[in-house]
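Notes to accompany the following structure.
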Amino acid sequence: MKRAPWSGRIPDDEADARRRIVAAALSCIRRQGIEGTRVAEIAAEAGVSRPTLYAYFTSRDEIIERAVIDAVRTFVDDVVVRALRFDSPAERLVETTLFCVRCIREDPVLATRFGGADLRRRPLDTDELTLARVCLRPVADLEPDLEARIDEMAEVAARVVTSLVARDPPRPRTAVEERAFLLHWYPAAIGIEQAEASR
């Protein structure tokens, strides 16, 4: 019997099993951190045996990497959706920045990718800058002059988020005070007019 050539598409049941395993890994990481997450726990959470898990992934590290990638994709989608709730470039910039900071601080998976003890010692990587550009797209959509400077904006935005995640202000601020502080200074730093920021 002649077999049909492989289409390159993962069968639905296999794709579903992979999704369940990755979702289970995310759940375990959020409860116990990456170091505390074991293959046996991921398999139990996914409702599969260890041999079944290894039929889809070659190692624990591959599962963890896939889980982090999926979490980051969902995070970026959420950032863009959040940005679209606001009508001015300044509001989009500040609100998405604050949203990013909150998510990174609260989600252990995102904290692993965008936070951590070495946050201040390592340079920004190309993935972080690419993600920053995607997150800034809704800002540039409202102010097309910014498009030519999107790469520089991405670096500034990524560094602002990094700073806000890693360091608290000299005196504690309420959420309202932090938002007002950023609206006053931050839009101007990437070329959004102050008049726009204060609308």
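The numbers here are math on the coordinates, done by the rules we state, and not lab data. On a predicted model such as this, the values are computed, not experimentally measured, just so you know. Counting neighbours? That spans all protein chains shown, and the Cβs are built from the backbone with ideal geometry, glycine included.
What number, rounded to the nearest 500 deg cm²/dmol, is the helix-based mean residue ellipticity at 222 nm of the chain, given -39500 (n - 2.57) per DSSP H run of at least four residues and division by all its residues? All intermediate terms of the calculation are to be shown ahead of the outcome.
Numbers: 10 runs with 138 residues, N = 199.
It lands at -22500 deg cm²/dmol.
Say R0 is 22 Å: what FRET efficiency, to the nearest 0.05, do THR130 and SER163 get from their beta-carbon distance? Don't skip to the end; give the middle numbers.
Numbers: r = 19 Å, r/R0 = 0.89.
That pair, THR130 with SER163, gives E of 0.65.
Using the Kirkwood formula on the Cα atoms of the chain, what hydrodynamic radius do you get, in angstrom to one decimal?
Radius from the Kirkwood sum: 18.9 Å.
Under 15 Å from the Cβ of LEU84, count the other residues' Cβ atoms, weight Lys and Arg +1, Asp and Glu -1, and hand me the total. Numbers along the way, then the final one.
Numbers: positive: ARG82, ARG85, ARG92, ARG137; negative: ASP77, ASP78, ASP87, GLU91, GLU95, ASP141, GLU143.
Net charge in that neighbourhood comes out at -3.
At what distance in nm do the modelled label points of ARG149 and ARG73 sit from each other, each positioned 7 Å from its Cα along Cα→Cβ?
Label-label distance for ARG149 and ARG73, simple model: 3.3 nm.
Taking Cα pairs under 8 Å and at least six residues apart, what relative contact order does the chain come out at, in percent?
Dividing the mean separation by the residue count of the chain yields 20 percent.
Can you compute the FRET efficiency between ARG122 and ARG85 using 1/(1 + (r/R0)^6), with r the Cβ-Cβ distance and R0 = 30 Å? Round to the nearest 0.05.
The formula returns an efficiency of 0.40 here.
Gain in length, THR52 to GLU35, computed as 0.36 nm per residue apart minus the alpha-carbon separation, to one decimal in nm?
Here the answer is 3.9 nm.
Pick out the long, greasy-scoring helices in the chain: whole DSSP H runs spanning 27 Å or more along their own axis by Cα, mean Kyte-Doolittle at least -1.0.
For the chain, where a helix must reach 27 Å along its axis and average at least -1.0, the hits are 12-32, 60-83.
Relative contact order for the stretch 12-57 using alpha-carbon pairs under 8 Å, separation at least 6, rounded to a whole percent? Don't skip to the answer; put the middle values down first.
Working: 28 pairs, mean separation 19.0, N = 46.
It comes to 41 percent, rounded to a whole number.
Can you figure out the FRET efficiency of ALA175 with GLU14, using R₀ = 30 Å and their beta-carbon distance, to the nearest 0.05? Write down the numbers at each step before the final one.
Working: r = 44 Å, r/R0 = 1.47.
FRET efficiency, ALA175 to GLU14: 0.10.
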